[in-house]
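Q: Quick one: structure below, then a few questions.
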Amino acid sequence: MFGLGRSVEVVRPEDALPGRSEPVELRGVHFVHGRPIVPPWPEGTRLAVLGMGCFWGAERILWQLDGVWTTFVGYAGGTTPNPTYREVCTGRTGHAEVAVAVYDPTVISFEALLAPFWEQHDPTQGMRQGNDVGTQYRSIVLTTDDEQAAVAEASRARYQELLTASGHGTITTAIEPLGALYHAEEEHQQYLAKHPGGYCNHGFCQAAYAPLGTTP
């Protein structure tokens, strides 16, 4: 990762970089399976937008899940329109790095997508993930509707029970409505498929996620 950002407070909108009106240019094709990574999406699919640190490893986790039709990485949760990677890394756009799954809810539920989200990063670290420090690495779930928001809130409470029972800390993951979502540059899409030995700090962290209604 580029690693310029060290801000531990999300920039105020009035202090954010101005950005630009033009979106990033993309091939629009997933490097792994060849499906589109730009809309329109197949009828009935939904988006899961998840920030869990460096988006390279996060996207690889998602594209391997049954029921996920396609994935891409991008920037969300901030202010600057159509930011570049280097701008996001300054901490002056307000955006988090996010991995996005376009999924079929008849095959995989939103809660099931949240299981690897909780398990494969440390959601207690605030504005960082491991050695990656900055607001762009914050843990965040950006929801597309009230149903997703309710599932995410209940899931976070559930995972906190599991962390507490195993002696771990307090979750700092934010849950917010999704606003503007911007694609990252082509070089970052499916990065770890293009560079199998590339940087990835994801892996099982603290506690296995158990579905709602089970005993910690």
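Where a number appears in this text, it was derived from the coordinates with a stated rule and is not lab data. Everything numeric here is computed off the predicted structure, so don't read it as measured data. Methodologically, a virtual Cβ is constructed for each residue, glycine included, from the backbone with ideal geometry; neighbour enumeration extends over all protein chains shown.
Q: To the nearest Å, what is the center-to-center distance of the stretch 71-85 and the stretch 9-55, using C-alpha atoms only?
A: About 6 Å separates the Cα centre of the stretch 71-85 from the one of the stretch 9-55.
Q: Then there's this: In debye, nearest 20: dipole of the stretch 16-194 around its Cα centre with unit charges on the Cβ of K, R (+) and D, E (-)?
A: 400
Q: So what are the chain's ellipsoid semi-axes, whole angstrom, largest first, if each one is the square root of 5 times an eigenvalue of the alpha-carbon gyration tensor?
A: Ellipsoid semi-axes (Å, largest first): 25, 21, 16.
Q: May I pose another question? Could you please rank Tyr103, Tyr137, placing first whichever residue has the fewest other Cβ atoms within 10 Å of its Cβ?
A: Exposure proxy ranking, most exposed first: Tyr103, Tyr137.
Q: For the stretch 100-119 and the stretch 185-204, what is the separation of their Cα centres, given in Å?
A: That distance is 20 Å.
Q: Still on this structure, please answer the following. How many percent of DSSP beta bridges within the chain run antiparallel, rounded to 5?
A: 85
Q: I've got another one for you. Can you tell me the alpha carbon radius of gyration of the stretch 132-203 divided by the globular rule-of-thumb value 2.2 N^0.38 Å?
A: 1.39
Q: Then there is this: How large is the helix-only mean residue ellipticity at 222 nm for the chain, computed as the sum of -39500 (n - 2.57) over DSSP H runs with n ≥ 4, divided by its residue count, in deg cm²/dmol to the nearest 500?
A: For the chain, the value works out to -6500 deg cm²/dmol.
Q: While we're on this one: Kindly rank 198-206, 109-117 from highest to lowest mean number of other beta carbons found within 10 Å of each residue.
A: Highest mean packing first, the order is 109-117, 198-206.
Q: Still on this structure, I have one more. Which of the peptides 54-63, 81-90 is most tightly packed, and how do the rest follow, judged by the mean count of other Cβ atoms within 10 Å per residue?
A: 54-63, 81-90
Q: Report ³J(HN,Hα) in whole Hz for each residue of the stretch 133-138, in order, from the Karplus equation J = 6.51 cos²θ - 1.76 cosθ + 1.60 where θ = phi - 60°; Gly and Pro get x.
A: Rounded to whole hertz, the list is 10, x, 5, 5, 9, 5.
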